[in-house]
Amino acid sequence: MTHTHSQPTRRLLDVLQVAFVVILLVSNLLAQKICRIGGLPVSGAILLFPITYIFGDVFTEVYGYAASRRAIWLGFFATALLYVAAALTIKLPADPSWHNQEAFSTVFGFIPRILAASLAAFWFGEFANSYVMARLKLLTNGRWLWTRTVGSTVVGQAIDTSLVVVLTFGGIVPVKTMTFMILSSYALKVGYEILATPLTYAVIYALKRIEGGESFDRHTSFNPFRFSERKAASSTEC
């Protein structure tokens, strides 16, 4: 049986990718504050960072894995630029009339080990999320969207959360403490996205209507380092 799927236009893709990068950068700035939610210490990034996974779901579901890959790399390089620019600005001598150097350093003074951990966790977690999303879409032939949004988050956040905690605190805090940190943070992030499922559904279906179609990654290279994009076939078979 053959189904024809219209390829989506990309009228809103650039706007969505800019929004994705902005949210990612802001979440990195908010991450400096340690908050307490439900008796658990969590990073301030918990407010916005899980939204980046919702964006990843939207990119992959509507525009395809290649569009998500582009967004991930844009986010990766933008975050790295933020870290480098912040470090250089902190090193610049402050004007004698300006007395906020210490506060500025506290907000923008990222620790190198945490930077490396955050970048690695983001890269691996986001690509795992997008890959699982695309593969599940092929397996289900586009049905049961919730299995993809939840399933990809379960995998992507597991990798992201585990990497960022282990790379940041490995050798510093006991394994038992790291395990607790991973499990508590992971539960919050996954729970966040599950609760946001109705919103994710609404955004995805609205974009499919606006863009006039959706992508199926049957002819896509899943190599994260491949930037050339193959044209998908105009029809697919189930």
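Any read-out appearing in this document is the output of simple, stated calculations on the displayed coordinates, not a laboratory observation. Because the structure is predicted, anything quoted here is derived from the model rather than measured. All Cβ positions, glycine included, derive from the backbone under ideal geometry; neighbour counts span all protein chains shown.
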- Task: Report ³J(HN,Hα) in whole Hz for each residue of the stretch 36-48, in order, from the Karplus equation J = 6.51 cos²θ - 1.76 cosθ + 1.60 where θ = phi - 60°; Gly and Pro get x.
- Result: 10, 10, x, x, 10, x, 9, 6, x, 5, 4, 5, 10
- Message: Cβ neighbours within 10 Å, averaged per peptide: list 177-186, 51-60 in order, most packed at the top.
- Response: 51-60, 177-186
- So for the chain, what percent of the C-alpha to C-alpha distances run longer than 27 Å? 39
- Message: Roughly how far apart, in whole Å, are the Cα centres of the stretch 1-77 and the stretch 81-130?
- Response: 20
- Note, ³J(HN,Hα) from phi for the stretch 115-128, Karplus 6.51, -1.76, 1.60, rounded to Hz, x at Gly and Pro: 4, 4, 5, 5, 5, 5, 5, 4, 4, 5, x, 5, 5, 5
- Query: Using a basic spin-label model with each label point 7 Å from the Cα along Cα→Cβ, how many nm lie between LEU30 and LEU74?
  - Reply: 2.0
- In terms of Cα to Cα distance under 25 Å, which lysines are near enough to LYS33, apart from those fewer than 8 places away along the same chain? LYS91, LYS176, LYS189
- Message: Need the list of lysines near LYS137 for cross-linking: C-alpha distance under 22 angstrom, and skip anything on the same chain fewer than eight residues off.
- Response: LYS208, LYS231
- Message: If you fit an axis through the alpha-carbon atoms of helix 65-91 and take the longest principal axis of the Cα set of the chain, what angle between them do you get, 0 to 90°, nearest 10?
- Response: 10
